[in-house]
1. Measuring from label point to label point, each 7 Å out along Cα→Cβ, what is the Leu281 to Ala204 span in nm?
2. Within 10 Å of each residue's Cβ, count the other Cβ atoms and sort Asp200, Asp217 from fewest upward.
3. How large is the charge dipole for the chain, taken about the Cα centre, if only the Cβ atoms of Lys, Arg (+1) and Asp, Glu (-1) carry charge, to the nearest 20 debye?
4. Can you list which of the trypsin sites (Lys or Arg not before Pro) found in the range 8-54 are DSSP loop residues with at most 14 other C-beta atoms within 10 Å?
5. Residue separation times 0.36 nm, minus the C-alpha to C-alpha distance between His270 and Glu211: what's the value?
6. Among Ser181, His35, Ala14, flag the residue with its Cα farthest along the positive direction of the charge dipole of the chain, charges on Cβ as +1 for Lys/Arg and -1 for Asp/Glu.
7. Just how far, in whole angstrom, is the range 58-115 from the range 226-289 if you go by their alpha carbon centroids?
8. Loop-only check: which chymotrypsin sites (Phe, Trp or Tyr not before Pro) in the range 267-317 are DSSP coil with at most 14 other Cβ within 10 angstrom?
Amino acid sequence: MSPNTFDISCLCGAVSQRVLPLVAHGEAVELSINHGDVDRHATGTLCASYYPIREPHQLLGTAEYHGLDGWARYFCNTCGCHVLRRRDIDGVSVWEAATGVLLNSTGEDIDADARYARHTGVSDTKDGGISVWLPEIEGRRLDSPTNPVMVESRTTTKLPPMPLICPKDTLPASCDCGTVSFHIIRPTEQSYLPHSGFPDLQYAAVEHSHEFMKNSDSLKWWIRSNGAKYLAGNCACRSYRLISGFEIQTWAFVPRCNIFFHVPGPDDGHSVILPLNFSDLPAGIAKTYESSPGVFREFCAKCGATAFWRDSWRPDVIEVSVGLLRAEEGARAETWLDWWTERCSFEEETERGRSGEPARIARRLIDGLERGLRSGAQSNRCSLEPRQIARGYSIRNKSFTVTLVVGR
């Protein structure tokens, strides 16, 4: 049976309330994992999912964004978390809550929990996006355009064009409304200069010592494929979930020196390219939320797409939301990104701060993701922790030595 109520909240707590599910007790709720262009670029994640609810009591603290897919999305004006969406169908307003903001439920009946039943919008991704890692949950296959059960035509909504100044042979990226627009270049000599501790993506922090996680040998783990790609992966951490509104956040680790923003120039209609410097970005492009002392998260001020994560201790290696990327080959941008498939980062936080149905359906989703990541995937992890070699490179006639993690 369906729960009586849900408590929902964003990370900062400015948007929180109790909502009622749409369905009556005993009715099955089937959820979709949405991969369409608007879903990805309006959120910054590779997929989005929502739970059908009755009209909420209030929208205080939210900003409203209307996507070309017909949905009005409501995100926290303070921290950027996507909380609700609404669409008018035949004169009736349909409301849904982002699944990641569902915290607690009442009216427990485990057998009647909502379940993820299908993928939608997969054709927009070109390469299947994250759906390739989620073929099934708890042994039950999800309907998708690759199955005869479901037929899908390509979405007709279009993303805003990238500025003409965006150089060729770079990786373009933008939010759905185009306010946040930038491109990424291949690793350069400067890409090896920053220092960073190991990410939880590669080594679970709960299983390794603080000393080990500091990466005292300064391995450049974010550079992959012999200097051609950047590391990317999936994360289920509580703070990421409540800052995006969804259970699965997808990040690429990119040096700040390899990111170039497109900002309005002095002439109307013309953009200029600026190296990414958060203190120099013009007002009205990206809003910054300091989620804890020294930890900063940027999101689009207009559509709410999560864009970046950074902190004061690692200011020059930025986590970039993969849902913003516009690689020609597809949503996973695999000519640019090397995906870590051994684990979903912070999977142990999937149920943190949650109880009842929201916790259970989230755990099933992340367990399904981890099984999909590991199934048939070649390991990217070194056999030793960490095994390393030193290699000399010569770039721009300047020789230097870098230390690389052995991997593909």
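Just so it is clear, none of the values below were taken in a lab; they were calculated from the coordinates. Values in this document were obtained by computation on a predicted structure and should not be read as measured data. Neighbour counts are summed over all protein chains in view; Cβ atoms, including those assigned to glycine, are modelled from backbone coordinates with ideal geometry.
1. Computed distance between label sites Leu281 and Ala204 equals 3.3 nm.
2. Values: Asp200 22, Asp217 8.
If I rank by nearby Cβ atoms, fewest first, I get Asp217, Asp200.
3. Working: 44 positive and 50 negative charges, 222 e Å.
With only Lys, Arg, Asp and Glu charged at Cβ, the dipole is about 1060 debye.
4. On the way: sites: Arg18, Arg40, Arg54; in loops: Arg54.
Passing sites in the range 8-54 are Arg54.
5. Values: separation 59, 0.36 × 59 = 21.24 nm, distance 4.86 nm.
Additional length available on full extension: 16.4 nm.
6. Farthest along the dipole direction, towards plus: Ser181.
7. Rounded to whole Å, the Cα centres lie 25 Å apart.
8. Numbers: sites: Phe278, Tyr289, Phe296, Phe299, Phe308, Trp309, Trp313; in loops: Trp313.
Within the range 267-317, the qualifying chymotrypsin sites (Phe, Trp or Tyr not before Pro) (loop, at most 14 other Cβ atoms within 10 Å) are Trp313.
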